[in-house]
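Worksheet for the structure shown next.
The values are calculated or read from the model by the stated rules, or taken from the named source; none is laboratory data. Predicted model, so just to flag it, every value in this text is computed and none were measured. Backbone-built Cβ (ideal geometry, glycine too); neighbour counts: all protein chains shown. Accessible surface areas use protein heavy atoms only, side chains included; no ligands, DNA or RNA. Shrake-Rupley method; radii C 1.70, N 1.55, O 1.52, S 1.80 Å.
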Amino acid sequence: MRFPQHEIVLIASAAVSRLLLECGLIDDGIPLEGQAGLGLFSEALSISSELQSWLRQCDLAVVWAEDKDGALGFLLRESGVARVRIQSPFSQELHARHQSHRFLETLGETAGDISREATVQVPSHLLECGKDYLEALGISRDQSTVLVHPGSGSVHKCLEPRRVALLIDQLWRCGMCPLLLEGPADQDAVADVLQFVSQPPCVLRDLDLSQLAGVLAQVRLYIGHDSGVTHLSALFGVRTIALFGPTDHHRWAPHGRQVTTLRGAPCICESWEAVKKCVEKPCLNVPIEEILIASGLAIGGNSANPRNST
């Protein structure tokens, strides 16, 4: 909102840029996988003609990355950018605790400048896309659907498959219709869960981010770990249960009025290597009953039918 008369151009993965463009959050996107993105962040820094045309009219360039030798900043200024801000959100010079606040701090903003309750409206064409995808699987809007994502960026951040399977069985007993989300790296996680469920749920596969946004807007509840999908669910105002373990929920948990964060015992591992070697992982021992209660569901079979706020 600080630059209402400006165009916002994002250099990110094509899928992320496309989704944010469809939601009206940016004006244009340059794919990180393309020539412009690869040249800008490769060892041999270079600027494509496509990017050069943007930089000549750029008033402010923000880069959340390291620039130890200052070469990237120099290149951007030489290309005509009026102001350049470059800082890694992992920098020890930053003081904010939550990762989103650290992004803001690099811009000289504070957490108070942004509402923690802000959500993004899923555009109508993506709503229809999500509805059509589910209907093709025989799932109607009238069903009380719960999307469960058993994976994350690391197996060490996930509940063990037997516990996820038990959660799915309990969701069936509560009168809900559980759906299992399989992302590009979740094949093993989903296969492991399906070994232990009493009643196999429908598995959602091959969704890009835009399709996933449309599906999320259709479900009554989302349950997932410390992952990008969990943040996406919270961003769209979906009722979200975020299950945390060894990672710091004070830093990484999504914000939102519709978000509940649950975790087991505090993690006592002193490093990520220790986390990998920890077999029992009590920090991920979140009682299934606690998840159901947080979801507004009764274990005995009566459902409170939580709905999302999108």
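Hey, got the dipole for the chain? About the Cα centre, +1 on K and R Cβ, -1 on D and E Cβ, debye to the nearest 20? It would help to have the intermediate numbers written out before the result.
On the way: 26 positive and 36 negative charges, 172 e Å.
Dipole magnitude for the chain comes out near 820 debye.
Taking Rh as the Kirkwood radius computed over C-alpha pairs, what is the Stokes-Einstein D of the chain at 37 °C in a medium of viscosity 0.692 mPa s, expressed in µm² per second?
Values: Rh = 21.2 Å.
Taking Rh from Cα pairs, D becomes 155 µm²/s.
Longest exposed-loop-site-free stretch of the chain, with trypsin sites (Lys or Arg not before Pro), DSSP loop and at most 14 other Cβ within 10 Å?
On the way: sites that count: R2, R56, K68, R97, R116, R141, R205, R257, R307.
Longest gap between qualifying sites, sites excluded: 142-204.
Rounded to the nearest whole Å³, what is the per residue volume of the convex hull around the Cα atoms of segment 1-133?
144 Å³
Using only Cα atoms, what Kirkwood radius does segment 165-310 have, in angstroms? Walk me through the intermediate numbers first.
On the way: mean 1/r = 0.0623 Å⁻¹.
Across segment 165-310, the inverse of the average 1/r is 16.1 Å.
Could you check how much of the accessible area of the chain is carbon and sulfur, as a whole percent, using a 1.4 Å probe?
Values: 8360 of 16220 Å².
Carbon plus sulfur share of accessible area: 52 percent.
In the chain, which cysteines lack any other cysteine Cβ under 4.7 Å from their own?
C23, C58, C129, C158, C174, C177, C202, C269, C278
Express the relative contact order of the chain as a whole percentage, based on alpha carbon pairs under 8 Å and six or more residues apart in sequence. Show your work: numbers first, answer last.
Working: 538 pairs, mean separation 45.4, N = 310.
Relative contact order for the chain comes out at 15 percent.
For segment 104-200, which GluC sites (Glu not before Pro) are both in a DSSP coil and crowded by at most 14 other Cβ atoms within 10 Å? All intermediate terms of the calculation are to be shown ahead of the outcome.
Values: sites: E105, E109, E117, E128, E135, E182; in loops: E109, E117, E182.
Passing sites in segment 104-200 are E109, E117.
Work the Kirkwood hydrodynamic radius out for segment 151-218: mean of 1/r over every pair of different alpha-carbon atoms, inverted, in Å.
Numbers: mean 1/r = 0.0791 Å⁻¹.
The answer is 12.6 Å.
Heavy-atom accessible area per residue, segment 110-218, 1.4 Å probe: how many Å²?
Values: 5180 Å² over 109 residues.
Solvent-accessible surface per residue comes out at 48 Å².
Report, to the nearest 10°, how far helix 161-173 tilts away from the longest principal axis of the Cα atoms in the chain, using its own Cα long axis and a range of 0 to 90°.
60 degrees
How large is log10 of I(q)/I(0) for segment 145-185 at q = 0.19 Å⁻¹ when the intensity is taken from the Debye formula with one equal scatterer per alpha-carbon?
Per q value, in the given order, log10 I(q)/I(0) is -0.56.
Across the Cα atoms of segment 1-60, what radius of gyration and what greatest pairwise Cα-Cα distance (Dmax) are found, in Å?
12.0, 35
Please report the antiparallel percentage of the DSSP beta bridges confined to the chain, to the nearest 5. Numbers along the way, then the final one.
Working: 1 of 27 bridges.
So the antiparallel bridges in the chain amount to around 5 percent.
So how long is each side of segment 63-125 along the principal axes, counting just the alpha-carbon atoms, biggest first, in Å?
Dimensions of segment 63-125 along the principal axes of its Cα atoms: 40, 34, 17 Å.
Counting residues in segment 98-234 as N, plug N into 2.2 N^0.38 Å and put the Cα Rg over that result.
Details: Rg = 16.4 Å, N = 137, 2.2 N^0.38 = 14.3 Å.
Here the answer is 1.15, to two decimals.
Working only with C-alpha atoms, what are the Rg and Dmax values of segment 232-303, expressed in angstrom?
14.0, 43
Please give the helix 124-136 orientation as an angle from the longest Cα principal axis of the chain, in degrees from 0 to 90, rounded to the nearest 10.
Approximately 40 degrees, to the nearest 10.
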